[in-house]
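Worksheet: one structure, shown below.
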Amino acid sequence: QTEEEERTLRISVASSLTNVMEEVEQAYEQEHPSIDLLINYGSSGTLAHQIDRGAPADVFLPASTEWMEFVMEKGLIDESTYHELAYNELVVASKEGESYNFQDLLDKKVDSFAMGEPESVPAGTYAKEALGEQWETVQDKAVFAKNVRQVASYIKTGNVDAGFVYRSDVMTLEGLTSLSVVPKERYSQIVYPGAVVALSERSEEAEAFLAYLRSKESQEIFHAHGFKEGG
Amino acid sequence: MLSIDLHKQLSHFKLDVQLRIHHELVVLLGRSGSGKTTLLNCIAGLSKPDGGTISIDDQCVYDGNRVFIPPQRRGVGYIFQDYALFPHMTVQKNVEYALTKSERAVQRNHVDAVLETLGISHLRKSKPREISGGEKQRVAVARALVRRPRVLLMDEPFSALDEWSKEEGYGLLESVQQDWQIPILLVTHNYREAERLGDRLIYMEEGRLC
Amino acid sequence: MLSIDLHKQLSHFKLDVQLRIHHELVVLLGRSGSGKTTLLNCIAGLSKPDGGTISIDDQCVYDGNRVFIPPQRRGVGYIFQDYALFPHMTVQKNVEYALTKSERAVQRNHVDAVLETLGISHLRKSKPREISGGEKQRVAVARALVRRPRVLLMDEPFSALDEWSKEEGYGLLESVQQDWQIPILLVTHNYREAERLGDRLIYMEEGRLC
Amino acid sequence: MDLFPVWLSLRVATISTIIVFIVGTVLGRLFARGTFVGKTVIRSIFMLPLVLPPTVIGFGLLYLFGREGFIGSLLNEWFGIQIVFTWYAAVLASSVVAFPLMFQSAVTAFQQYDANLERAAYTMGAGKWKVFWTVSFPLAWPGLLAGVILTFARALGEFGATLMIASYTKGLTNTLPLEIFFSVESGNQSQAELFVVMMVVLGFGTVFFLNKWNGSPYNN
Amino acid sequence: MDLFPVWLSLRVATISTIIVFIVGTVLGRLFARGTFVGKTVIRSIFMLPLVLPPTVIGFGLLYLFGREGFIGSLLNEWFGIQIVFTWYAAVLASSVVAFPLMFQSAVTAFQQYDANLERAAYTMGAGKWKVFWTVSFPLAWPGLLAGVILTFARALGEFGATLMIASYTKGLTNTLPLEIFFSVESGNQSQAELFVVMMVVLGFGTVFFLNKWNGSPYNN
Ligand SMILES: Nc1ncnc2c1ncn2[C@@H]1O[C@H](COP(=O)(O)OP(=O)(O)OP(=O)(O)O)[C@@H](O)[C@H]1O
Ligand SMILES: Nc1ncnc2c1ncn2[C@@H]1O[C@H](COP(=O)(O)OP(=O)(O)OP(=O)(O)O)[C@@H](O)[C@H]1O
Ligand code: MOO
Ligand SMILES: [Mg+2]
Ligand SMILES: [Mg+2]
């Protein structure tokens, strides 16, 4: 192993955590000059498949528990290191100047709304859950997207009236001001898990990094980006 | 009647031609590279002269920058020196290309007769790449002779033919000339051919008739 | 010496030729479509006969299915009926193509002389599409005559030339023949040419010599 | 097994190919010979849908054809047509993304044959239309066919731009590539594999068929 | 402004284009003339990287070149090379995805000229190699160039397969298309737009330059 490789810690991170992780990276590397974080962004599914195929990774931070379970079931994860790092909330966003809330989606007020594809996109799964029994009646109004970003595009271009996004996305969604919280009791906790990859040759440093993510310092960064602190 | 008065700068000399052809066969002789093909191209509308006039049957088809009738409306039949057969069509289709759909039905016998006279009727279904050099040339001749144009231009049309085939070609050309009564301009390097066919012989040297 | 004994089925008849050519110029005459070009292609290795043998200078270059020396190792010079000039090369580059790099340096004067004799030295830098039909033919002749092959095949090499250019071509060919002492097979439809150049005249009819 | 995505993909790719073939051939002929100002500039601009990631293209189309977009609002006002989120949007996306392939192939195809043959046809009195159909087009055909094959293949596989402007709705806009994506994303590996197999069969089959349909006039 | 993605993209696209050009030209020549069993089948298989969505291709590459993959494990054992997550992976992804464009163009290019010219060259004693370089290649050049343009454009814009096998790591594998995607993802619209502009400039510039480099021997 070269010296450079020895310093490197490889983190596979869900792309929805890009902004958070960029700040964390800076802070962590300042605090630990001996460590060089090599962060690999992608959709949670892509990251999981990459780990499955033996791609180098020490820490896995997906945006949903499903993909964490996918790799866990294959024994690719050191389960003892599993932690819930942050939480999120579902909100209804609409275009600047318009204002729809969750109830409006259920009523006739809204012609169409966008959400993540419920089978594959976590944000969509939670949205469907939140709609509950009304799902059957409103699903014809729903337009499915592959991620929150696409939902935002549809709202901004006026192709839908509203859409389900995460609170953490609010910070980055220019032009979408009117946000209304979806009643929390209608869907399960939105969890951002993290764990050390079983094959990691640097599990100690990886665990240390995971611990750092739970520290007050990084939790503040999560908070600043609209996530709720985990534990 | 075809009347020409044109000039055009070529790479090594200037083409400068005054010529009138009535209902006669004029043979154009001249050294290789003297501008014969270029003159024919100008008449057919495939090259633009630098200036002058060309008229066919009293219709002006070219006059400096003012008039330029495109080739498809000049009514000029042209046998190209390099044949210019359509590689994707059979011999039959190549020859019929000069005819409109309605003519094609009416003229079937005429086409057959021309192919027969030129000894290429057994090649009807062949593509140009499947026939010999002289056979290609005869297809090109046939294509120009199945339909009456207002002017006929022939650029060394029999150069790749043996004596017998040449004879058949001459005969066909003579009968066509009788029937059509149009100006015909034939380029050749063969004196016997020139004397046999030509009502008048003209010589070109470095772009000028002399 | 070139000795041929081959047969090949063509679309309308069978090519069947027995022929020996020593260091002489044999003229091959015959009607258009009689199989002359096909015979030349077989000798050059561009067509495969159905059977027989071909040998050049006592080397067997073709023998049924057993021997087939590819064209690039037959040492046959060939002037194609349709010239086959390389469209992307200048006249100079076309002519020099037959020479190796080292020959190119040594033979510069010789190449110049050949181009001069054929009256095309002013076209050196032109591309084939920028020159006249007869000029193209002379480039093809030049390309074949700048380097001594073991056998020279010429398919109507002067057909598109005027009398003067023909004369120059004949002269060049005669001097080359003197120097090289190789078998030369020349196809032509021109009797005067045949009699002027040929040590021996042979006739082909429907694929057979007679 | 629901075969709708197969039919949808086939329909979208076929219609796109036809549209792109016509537009690409016409523009290709226009750009092949003759010179006009800005020719190379426009030719290069026409390549941009290939350079830019499909998602960006999709974004651009969404802006143009969306309900409030420049073209979208006109279409809506005049004809009451709404393209976004329909399978027409998938055709639009596939067409735009595949266009450069056809165009570039067509330009080259129309440059490759001997232009004298067109001139010869003119002297026989054939008009521009006849010359195009009987001479230019058949002589350019091998190159055009190459373009058609590339176009069809690309249109069939189009994902990013389609997802953006057509979105993913089962029974409406769920082309095979979209189905594959969402099957993978939802962890349904075996279903994804099945869709991939269908895609391979469809793509291979059509391309094989098209390849057979070749007849170069110079082929010897 | 960090220009690394521009250089990286340019490097990846250029190297991919060179590789694909060489492989595509050789295979194109092989498939253009002459017949052998399964020719059309293989030709059609070669189109599959264009048919399948890039993500699927990336997935396949991940399987082949991953540490546990067939090729990946060999590379690792023999040379200690690990391709996944490096910029070589980006080159690999771009090359595979762009290959069909070059191949199809090359096959057509080598079918379009008069094969007699090659035969003429042979009679002058030129060997296969010389004939290829001095006759076949220049005569096929316009078609090959079209392939190069398509290949470069496609390689430059490659996103899906690259993300899969090279992933997005700043300063390592962040090509322009990836940067655009992640800028959008992280809500940095203005940065995304800047990257799109760079991409357009880079793509347009190179394609423009390549287009100028045309010299069809039949062009008249
Ligand atoms: N590529 C080909 N495929 C099929 N048949 C051909 C092909 N080339 C020539 N033929 C036929 O073979 C016969 C001999 O052709 P060849 O070219 O050898 O004639 P030739 O004696 O050279 O005639 P010419 O004097 O007209 O050049 C002709 O009947 C011709 O139609
Ligand atoms: N496309 C062209 N571009 C430039 N120059 C040309 C072109 N075609 C011919 N020339 C030149 O113009 C002159 C006349 O050529 P042209 O083809 O008219 O001669 P020609 O009298 O028909 O000769 P030949 O008897 O050899 O066919 C020649 O010097 C030739 O080199
Ligand atoms: O990686 Mo995500 O945040 O599941 O789209
Ligand atoms: Mg001429
Ligand atoms: Mg012949």
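The values are calculated or read from the model by the stated rules, or taken from the named source; none is laboratory data. Source: prediction; values computed, not measured. When we count neighbours, we look across all protein chains shown, and the Cβ atoms used for this are built from the backbone with ideal geometry, even at glycine. The protein model used for the area step is the full one, side chains on, heavy atoms only, and it has no ligands, DNA or RNA in it. Shrake-Rupley method; radii C 1.70, N 1.55, O 1.52, S 1.80 Å.
Out of segment C:123-176, which residues are more than 10 Å from ligand 2 (Cβ to nearest atom) and among the acidic types (Asp, Glu)?
Of everything in segment C:123-176, those that are more than 10 Å from ligand 2 (Cβ to nearest atom) and among the acidic types (Asp, Glu) turn out to be C:Asp155, C:Glu156, C:Glu163, C:Glu167, C:Glu168, C:Glu174.
Just wondering, is there one or more residues in segment A:174-197 that are out of contact with any Pro (no Cβ under 6 Å at 6 or more places or on another chain), surrounded by fewer than 16 Cβ atoms within 10 Å (Cβ to Cβ) and among the hydrophobic types (A, V, I, L, M, F, W, C)?
Yes.
One residue is enough: does segment A:153-160 have a residue meeting the conditions more than 16 Å from ligand 1 (Cβ to nearest atom), open to solvent by 30 Å² or more (accessible area, probe 1.4 Å) and in a loop (DSSP other than H, G, I, E, B)?
Within segment A:153-160, none of the residues are more than 16 Å from ligand 1 (Cβ to nearest atom), open to solvent by 30 Å² or more (accessible area, probe 1.4 Å) and in a loop (DSSP other than H, G, I, E, B).
Can you tell me which residue among A:Glu98, A:Glu79 is within 30 Å of A:Lys156 (Cα to Cα), open to solvent by 20 Å² or more (accessible area, probe 1.4 Å) and either within 14 Å of chain E (Cβ to nearest Cβ) or out of contact with any Pro (no Cβ under 9 Å at 6 or more places or on another chain) (or both)?
Just one listed residue meets the conditions, A:Glu98.
Consider segment A:170-197. How many of its residues are under 20 Å from E:Ala192 (Cβ atoms) and modelled with pLDDT of 85 or more?
Residues meeting the conditions: 0.
Can you work out which of the residues in segment C:191-204 that are at pLDDT 95 or above and either aromatic (Phe, Trp, Tyr) or outside any helix (DSSP H, G or I) (or both) is nearest to ligand 3 (Cβ to nearest atom)?
C:Met204
Taking the stated definitions as given, is D:Gly187 without any contact (Cβ under 8 Å) to a residue 60 or more places away in the chain and outside any helix (DSSP H, G or I)?
yes
Residue check: is A:Thr172 in a loop (DSSP other than H, G, I, E, B) and within 19 Å of the chain's Cα centre (by Cα)?
yes
Mind counting the residues in segment B:182-206 that are open to solvent by less than 50 Å² (accessible area, probe 1.4 Å) and within 12 Å of chain C (Cβ to nearest Cβ)?
Going through segment B:182-206 one residue at a time, the tally reaches 7.
Of the residues that make up segment E:72-88, is at least one open to solvent by less than 30 Å² (accessible area, probe 1.4 Å) and without any contact (Cβ under 8 Å) to a residue 12 or more places away in the chain?
No, that holds for no residue.
Return yes when D:Ile22 is free of Cβ contacts under 8 Å to residues at least 12 places away in the same chain and within 14 Å of another protein chain (Cβ to nearest Cβ) and no when it is not.
no
Report yes if some residue within segment A:106-117 is touching a residue at least 60 places away in the same chain (Cβ under 8 Å) and open to solvent by 70 Å² or more (accessible area, probe 1.4 Å); otherwise report no.
For segment A:106-117, residues touching a residue at least 60 places away in the same chain (Cβ under 8 Å) and open to solvent by 70 Å² or more (accessible area, probe 1.4 Å): absent.
I need a count of the residues in segment D:31-47 that are open to solvent by 30 Å² or more (accessible area, probe 1.4 Å) and within 18 Å of the chain's Cα centre (by Cα).
Within segment D:31-47, residues that are open to solvent by 30 Å² or more (accessible area, probe 1.4 Å) and within 18 Å of the chain's Cα centre (by Cα) number 2.
Every residue in segment A:50-76 that is closer than 17 Å to D:Gly187 by Cβ, facing another protein chain (nearest Cβ under 10 Å) and surrounded by fewer than 24 Cβ atoms within 10 Å (Cβ to Cβ), please.
Those that are closer than 17 Å to D:Gly187 by Cβ, facing another protein chain (nearest Cβ under 10 Å) and surrounded by fewer than 24 Cβ atoms within 10 Å (Cβ to Cβ): A:Asp52, A:Arg53, A:Glu66, A:Glu69, A:Phe70.
Has segment B:149-163 got any residue that is part of a loop (DSSP other than H, G, I, E, B), among the basic types (Lys, Arg) and more than 16 Å from ligand 3 (Cβ to nearest atom)?
The answer is yes; a qualifying residue exists.
Pick from C:Gln72, C:Gln59: which is more than 14 Å from chain E (Cβ to nearest Cβ) and either surrounded by fewer than 21 Cβ atoms within 10 Å (Cβ to Cβ) or in contact (Cβ under 8 Å) with a residue 24 or more places away in the chain (or both)?
Among C:Gln72, C:Gln59, only C:Gln59 is more than 14 Å from chain E (Cβ to nearest Cβ) and either surrounded by fewer than 21 Cβ atoms within 10 Å (Cβ to Cβ) or in contact (Cβ under 8 Å) with a residue 24 or more places away in the chain (or both).
Does A:Ala114 count as closer than 18 Å to D:Gly66 by Cβ and either within 16 Å of ligand 3 (Cβ to nearest atom) or aromatic (Phe, Trp, Tyr) (or both)?
yes
Any idea how many residues of segment D:139-151 are within 18 Å of D:Val20 (Cα to Cα) and either among the hydrophobic types (A, V, I, L, M, F, W, C) or more than 13 Å from chain E (Cβ to nearest Cβ) (or both)?
Residues that pass the stated criteria total 8.
Are there any pairs, at least 6 apart or on different chains, whose C-beta atoms fall under 7 Å, with the first in segment C:1-15 and in contact (Cβ under 8 Å) with a residue 12 or more places away in the chain and β-branched (Val, Ile, Thr) and the second open to solvent by less than 80 Å² (accessible area, probe 1.4 Å) and more than 16 Å from ligand 4 (Cβ to nearest atom), and if so, which?
Listed pairs, sorted by first residue: C:Ile4/C:Val17; C:Ile4/C:Leu19; C:Ile4/C:Ile43; C:Ile4/C:Ile54.
Would you please name the residue that is nearest to E:Thr25 (Cα to Cα), looking only at residues in segment E:115-136 that are in contact (Cβ under 8 Å) with a residue 12 or more places away in the chain and either open to solvent by 10 Å² or more (accessible area, probe 1.4 Å) or not small (Gly, Ala, Ser) (or both)?
If we take residues in segment E:115-136 being in contact (Cβ under 8 Å) with a residue 12 or more places away in the chain and either open to solvent by 10 Å² or more (accessible area, probe 1.4 Å) or not small (Gly, Ala, Ser) (or both), then E:Phe132 is nearest to E:Thr25 (Cα to Cα).
Run down E:Phe204, E:Phe182 and say which single residue is modelled with pLDDT of 90 or more, at the interface with another protein chain (Cβ under 7 Å from one of its Cβ atoms), in a helix (DSSP H, G or I) and touching a Ser or Thr at 6+ places or on another chain (Cβ under 7 Å).
Just a single option satisfies the conditions, and that option is E:Phe204.
Scan E:Gly171, E:Gly203 and give me the residue that is surrounded by fewer than 21 Cβ atoms within 10 Å (Cβ to Cβ) and either acidic (Asp, Glu) or away from ligand 4 (no atom under 16 Å from the Cβ) (or both).
The conditions single out E:Gly171.
From the list D:Ala161, D:Ala115, which one is closer than 26 Å to B:Arg74 by Cα and either modelled with pLDDT under 95 or within 14 Å of chain A (Cβ to nearest Cβ) (or both)?
Matching residue, one of D:Ala161, D:Ala115: D:Ala115.
Any residue at all in segment C:84-100 that is within 16 Å of ligand 5 (Cβ to nearest atom), at pLDDT 95 or above, crowded, with 16+ Cβ neighbours inside 10 Å and not β-branched (Val, Ile, Thr)?
Taking every residue of segment C:84-100 in turn, at least one turns out to be within 16 Å of ligand 5 (Cβ to nearest atom), at pLDDT 95 or above, crowded, with 16+ Cβ neighbours inside 10 Å and not β-branched (Val, Ile, Thr).
Take segment B:157-174 and flag every residue that is within 16 Å of ligand 4 (Cβ to nearest atom) and open to solvent by 10 Å² or more (accessible area, probe 1.4 Å).
Scanning segment B:157-174 gives a single hit, B:Ser159.
For C:Asp57, are the conditions met, namely being of a type outside the set (Phe, Trp, Tyr) and away from ligand 1 (no atom under 16 Å from the Cβ)?
Yes; evaluated as a whole, the condition is true for this residue.
Can you confirm whether E:Ser95 is in contact (Cβ under 8 Å) with a residue 24 or more places away in the chain and more than 9 Å from every other protein chain (Cβ to nearest Cβ)?
Answer is yes for this residue.
Pick from C:Asp50, C:Asp16: which is farther than 29 Å from C:Tyr170 by Cα, more than 17 Å from the chain's Cα centre (by Cα), at pLDDT 95 or above and open to solvent by 60 Å² or more (accessible area, probe 1.4 Å)?
Of the residues listed, the single one that is farther than 29 Å from C:Tyr170 by Cα, more than 17 Å from the chain's Cα centre (by Cα), at pLDDT 95 or above and open to solvent by 60 Å² or more (accessible area, probe 1.4 Å) is C:Asp50.
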